[in-house]
Amino acid sequence: MTKKKLLLNIFGPILSVVVLLGLWQAIVVWGNVAPYIAPKPWDAIRAVTSNWSTLAPLTWWTIKETIYGYLVGAFLGAFLGVVLNKIPLMQRVLYPLLILTQAIPIIALAPPLVMILGFGVMPKVVIVAWIVFFPVTVSVLDGLNHVDKDLMTLAKVFGANSMRRFVVLEMPAAITQLFSGLKIGATYAVTGAIIGELAASSGSSLALYQRSASGSLDAAGVYGTTLLMTAIGIIWFLLVVGAEYLATPWQRRSTARQWRRGAKPVLTNN
Amino acid sequence: MSSSSILELRGISKTFASTTALSPLDLDIERGSFVSIVGPSGCGKSTLFNILSGLIQPDNGSISLEDQNVIGATGHVGYMLQKDLLVPWRTVLGNITLGARLKGKVGPEDKEQAMGFAQKYGLGEFLHHYPSALSGGMRQRVALMRTLATNHQLLLLDEPFGALDAQTRFEMQQWLLQVWRDTQRTVLFITHDVDEAVFLSDRVLVMSPRPGRVVDDLRVDLPRPRTLDTLVSPAFTDLKSRVLHQLHRERGA
């Protein structure tokens with residue numbers, strides 16, 4: 001990536017967010033929108049910062065539910081993808097079940113989960129994992145199914161056993177696909193956590209905080225909480241993108257990074 | 001087995017369903033020789049390679065490679081295809097040492113050998129490049145280095161230059177001959193290109209389908225090293241015309 005491109009990648013998204021907030025501001029101010037219907041963006045942000053002492057622990061809980069659930073979902077998803085690829089019989093047995101899990105309306109999943117797991121962090125983790133694993137499974141399966149057959153043949157001729165073929169060739173070959181599943185999962189993860197909080201919280205949570213703000217017609221609080229939740233989702237997504245960036249250097253570089261002194265990396269123009 | 005043979009096939013045959021892919025074949029390959037196999041598709045040359053590499057079992061016959069019975073066993077030949085099959089996430093060095101990685105760990109001596117090959121054969125500056133940064137010809141060089149690095153005496157090359165343009169292909173052929181001379185390996189080379197077969201080889205086997213069999217076995221006594229002049233010499237043209245006639249007679253033309 002060139003410097004110019006890097007700057008564009010950073011400032012492009014910032015610019016679009018600023019434009020969006022400006023549009024919001026313009027509509028509220030020039031449209032004379034009542035403050036109990038929509039606040040100005042700055043008021044929404046201030047509603048978060050001025051209540052940060054209350055919101056911080058709630059935000060932390062949501063982050064934890066998201067991360068735990070995401071990690072469980074990602075590992076489970078990748079594992080299932082491998083199982084489905086390696087044991088063809090499993091495609092018949094498991095695949096219908098996997099579709100079934102995604103056909104259940106996720107909100108309707110919460111009440112039984114509360115009965116089984118109570119009101120703690122567990123039901124939220126399960127819901128996040130429930131949403132996240134599926135795109136990961138599908139992408140890993142797809143990635144493994146599309147590993148070059150001739151490459152596997154070559155490895156066989158070279159005398160590699162199936163374990164080595166898997167570790168050395170199939171796993172890295174599927175990594176691009178894996179990350180596309182992980183990225184889809186990342187965008188859904190916070191949604192899952194919030195659905196879990198809405199349906200399976202007894203005490204305090206971001207979702208309930210927003211609901212009570214809504215009850216007291218505190219539009220700034222409602223919008224502010226939405227912004228906060230969105231921010232968590234975006235940051236998580238960016239972290240996954242960052243992990244992909246680090247894990248797949250060959251997709252953006254023409255040479256491997258040399259840690260020895262004096263070696264210069266060559267950057268490609270893409 | 002004569003002492004100069006590295007590979008000895010006796011009565012190797014293979015039938016798929018009701019098609020005779022390979023009718024009983026006897027073949028001796030001399031150590032250090034360059035032998036090409038030409039023939040239309042379905043003549044059994046790929047079946048022969050698959051049997052030699054251990055991917056499939058012949059119905060009958062015996063194979064002795066360096067006095068070892070190798071039927072149905074893999075891991076004893078170098079093998080290269082038209083597709084370079086370089087893995088995008090490994091550098092040139094990583095791709096050359098892929099064979100070692102597939103058998104276990106890549107040791108310092110594997111790396112040293114790979115770097116030696118790369119330096120000697122014009123890839124020294126690209127050791128840490130990913131394959132995406134290489135041209136088609138360079139990728140095939142890396143693929144051949146990977147094949148050499150498995151340290152097998154017998155190399156099976158299945159149309160390795162089939163996807164290259166004519167200019168690059170000629171460069172690669174000369175380069176291959178240099179590598180072959182330096183490393184003293186034995187090469188079995190499948191190609192559709194009669195010029196290529198005659199230009200490279202000590203010996204050309206012409207195969208024919210239904211049933212797959214060897215119909216002609218020519219010695220190519222053209223002097224080495226072979227150059228552009230070889231391609232236009234009368235002796236070359238004679239050999240080429242004999243191969244072409246063999247191929248077309250067999251096709252009923």
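Brief remarks on what is shown
- Among the trypsin sites (Lys or Arg not before Pro) in the stretch B:6-109, those placed in a DSSP loop whose Cβ has at most 16 other Cβ atoms within 10 Å are B:Arg31, B:Lys105.
- FRET efficiency for the A:Thr2 to A:Ile175 pair, using the beta carbon distance and R₀ = 25 Å, is estimated at 0.50.
- Hydrodynamic estimate: the Kirkwood radius of the protein assembly as shown over Cα pairs, inserted into Stokes-Einstein at 37 °C and 0.692 mPa s, corresponds to D of 118 µm²/s.
- Distance in nm between pseudo-label sites at B:Arg219 and A:Ile63 (7 Å out along the Cβ direction from Cα): 8.1
- Approximate spin-label separation A:Val33-A:Ile107, in nm, with each point projected 7 Å along Cα-to-Cβ: 2.3
- The distance from the alpha carbon centre of the stretch A:162-199 to that of the stretch A:70-112 is 12 Å, rounded to a whole number.
- Where only alpha carbons of the stretch A:107-184 are counted, the Rg and the Dmax (Å): 18.4, 56
- Shown in residue order for the stretch B:132-149 are the 3J(HN,Hα) couplings computed by the Karplus curve 6.51 cos²θ - 1.76 cosθ + 1.60 at θ = phi - 60°: 4, 8, 9, 7, x, x, 5, 4, 5, 5, 4, 4, 5, 4, 4, 5, 5, 5 Hz (x for Gly and Pro).
- For the stretch A:91-105, the Karplus equation 6.51 cos²θ - 1.76 cosθ + 1.60, evaluated at θ = phi - 60°, returns couplings of 4, 6, 6, 8, 4, x, 5, 5, 4, 4, 4, 7, 7, 5, x Hz by residue, with Gly and Pro reported as x.
- For the stretch A:117-134 and the stretch B:122-156, distance of Cα centres in Å: 49
- Cα-derived Rg over Rh, computed across the stretch B:191-253 with Rh taken as Kirkwood radius: 0.99
- Area hidden from solvent between B and A (accessible, protein heavy atoms only, 1.4 Å, total, Å²): 2400
- For chain B, average projected area of the Cα convex hull in nm²: 14.1
- For chain A, a Kirkwood radius taken over Cα pairs fed into Stokes-Einstein (25 °C, viscosity 0.890 mPa s) yields D = 114 µm²/s.
- For A:Thr255, residues with placed amide H under 5 Å, excluding near neighbours: A:Val266, B:Tyr130
- Taking amide H as placed 1.01 Å from N in the peptide plane, the amide H of B:Ser13 sits under 5 Å from that of B:Leu25, B:Asp59, B:Asn60, each at least 5 places away or on another chain.
- Under-5 Å amide H pairs with B:Ile6, H placed in peptide plane, nonlocal only: B:Ile29, B:Glu30, B:Arg31
- Whole-number percent relative contact order across the stretch A:40-249, with pairs defined as alpha carbons under 8 Å at least 6 apart: 32
- The trypsin sites (Lys or Arg not before Pro) of the stretch B:200-253 that meet both conditions, a loop assignment by DSSP and at most 13 other Cβ atoms within 10 Å of the site Cβ, are B:Arg251.
- Semi-axis lengths, largest first, of the ellipsoid equivalent to the stretch B:79-159 are 16, 16, 12 Å, with √(5λ) applied to each eigenvalue of the Cα gyration tensor.
- Reported to the nearest whole Å, the Cα centre-to-centre distance from the stretch B:90-108 to the stretch B:167-186 is 23.
- Compared with its chain on its own, the stretch B:73-104 contains the following residues whose accessible area drops by 40 Å² or more in the full protein assembly (probe 1.4 Å; ligands, DNA and RNA excluded): B:Tyr79, B:Lys83, B:Leu85, B:Trp89, B:Arg101, B:Leu102, B:Lys103.
- For the stretch B:79-159, averaging the sequence separation of C-alpha pairs within contact (under 8 Å, six or more residues apart) and dividing by the residue count gives a relative contact order of 52 percent.
The values are calculated or read from the model by the stated rules, or taken from the named source; none is laboratory data. This structure is a prediction, so every number in the text was calculated from the model and none was measured. Please note: Cβ atoms are built from the backbone with ideal geometry, for glycine as well, and neighbour counts cover all protein chains shown. For accessibility, only protein heavy atoms count, side chains too; no ligands or nucleic acids. Shrake-Rupley method; radii C 1.70, N 1.55, O 1.52, S 1.80 Å.
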